[in-house]
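A short worksheet on the structure shown next.
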Amino acid sequence: MDVIAFVNNLFNEAVANRASDIHVEPSMEDLIIRQRIDGYLVETCRLPLQEAKGILSRLKIMGQLDIGEKRLPQDGAMTIQVGEKFLEVRLATLPVLYGEKIVLRLLPSELAVRTLSELGMEIIEVDRVSKLLHRQGLVAITGPTGAGKTTTLYTLLTLLDHRRRNIITLEDPIEVQLAGINQVQVHHKIGFTFAKGLRAILRQDPDVIMIGEIRDQETAEIAIEAALTGHLVLTSLHTADGSSVISRLIDMGIPSYLVASALSGIVAQRLMRLTCGKCKGKGCLHCRSSGYFNRTGIFEVLSLDETTQHLIMNHPSVSQIRQHFQNKGFRMMEQSLLQKYEQGLTTIEELKRMESEMIKIAQLEK
Ligand SMILES: [Zn+2]
């Protein structure tokens, strides 16, 4: 077998399939190749196990890993060319029973979408977000891993006028390179943490700061301080829904009066699979028999006003906050999901799957 041609074809095929990851897994008899498409793993190829050595070595060479080291996990990166496009690929190995498993994460070199409508937001939500981008304060994008938060953050950055505003990001990793924006990579190994990076950015006369994720109290404190001193701060958090963001920040040690005055908006989201347009859900060649093709965002876009600030200072429960937003007429994620289903964009099975996932995540948070 021509290993180089096989690996090149592996990447070409994954890009054609819109895959986000490629898994190369040795099992007892076979080397199994799977691709993650629209959030789900699909087996695309199975080879005799004796082919594994050549393929794994080729991938490890491309990722500049030590090909002799097979007992310890390793991680690396490479840039590949598919057609006219260059793609950044992160790879990670893991020693498993029958050899080494490799996962390749494909990072798109450019954003697939350019507008919030294309992400799945309704016009009223697009307007609400646009207003938030013209104010100072903290805007938090929230949802579990794989909910599309990074794409939303990047889309928000592209909507800002980078010629008139100094926009700096702090990321781990930098996933998409954006023109006109100063992107900073965090390096934990050398002590260049989110908190340290953020302090350095604040000395760079910024207008807009994007923090990939707030994971610790120190970063949360500096982010809040930046939002209170005239900056627009965009970030992501892991919470079940929009209302939980407020209690999460308070749990991180931020006093409620600071959360109330710094937080200006919350965008909660999930990704929903769209019914395949070719077969209308039955399964065909186009959708690899899944019945789905592509995904769209389900959103909850909340903006905070004085009444919400007053509520936050009284230490409300998550359900009280949620009720408050509902009373104010904001569309919750469940409603957004139901609306997309009623528009015929997805199946009843996908609707039910997403509803039960939302309930499960909300229970885990408690
Ligand atoms: Zn189909």
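The values are calculated or read from the model by the stated rules, or taken from the named source; none is laboratory data. Worth saying up front: this structure is predicted, and the values here are computed from it rather than measured. Methodologically, a virtual Cβ is constructed for each residue, glycine included, from the backbone with ideal geometry; neighbour enumeration extends over all protein chains shown.
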- Members of region 29-52 that are out of contact with any strand residue (DSSP E or B) (no Cβ under 8 Å at 6 or more places or on another chain) and without any contact (Cβ under 8 Å) to a residue 12 or more places away in the chain: GLN50
- Given the structure, is HIS188 of a type outside the set (S, T, N, Q), within 27 Å of LEU258 (Cβ to Cβ) and at pLDDT below 95? yes
- Residue in region 249-257 that is within 26 Å of GLU118 (Cβ to Cβ) and either of a type in the set (Asp, Glu) or within 16 Å of the ligand (Cβ to nearest atom) (or both) present: no
- Query: Just for region 260-288: of the residues that are more than 23 Å from the chain's Cα centre (by Cα) and of a type in the set (D, E, K, R), which one is nearest to the ligand (Cβ to nearest atom)?
  - Reply: LYS278
- Item | Every residue from region 21-44 that is surrounded by fewer than 16 Cβ atoms within 10 Å (Cβ to Cβ) and not aliphatic (A, V, I, L, M) | SER27, GLU29, GLY39, TYR40, GLU43
- Query: So is TYR292 among the hydroxyl-bearing types (Ser, Thr, Tyr) and surrounded by fewer than 19 Cβ atoms within 10 Å (Cβ to Cβ) or not?
  - Reply: no
- Task: Go through region 173-230 and give me each residue that's assigned to a helix (DSSP H, G or I) and polar (S, T, N, Q).
- Result: GLN217, THR219
- Message: Checking THR155 against (1) closer than 16 Å to SER109 by Cβ; (2) surrounded by 13 or more Cβ atoms within 10 Å (Cβ to Cβ); (3) modelled with pLDDT under 95, only one condition comes out false. Which one?
- Response: (3)
- Note on the structure: Taking first residues from region 143-161 that are farther than 12 Å from LEU237 by Cβ and second residues anywhere that are of a type outside the set (A, V, I, L, M) and surrounded by fewer than 21 Cβ atoms within 10 Å (Cβ to Cβ), the pairs with Cβ under 7 Å that are 6 or more apart or on different chains are GLY146/GLY39; THR150/GLU175; THR158/ARG114
- Under the condition of being over 20 Å from the mean Cα position of the chain (by Cα) and charged (D, E, K, R), which residue from region 289-309 is farthest from the ligand (Cβ to nearest atom)? GLU306
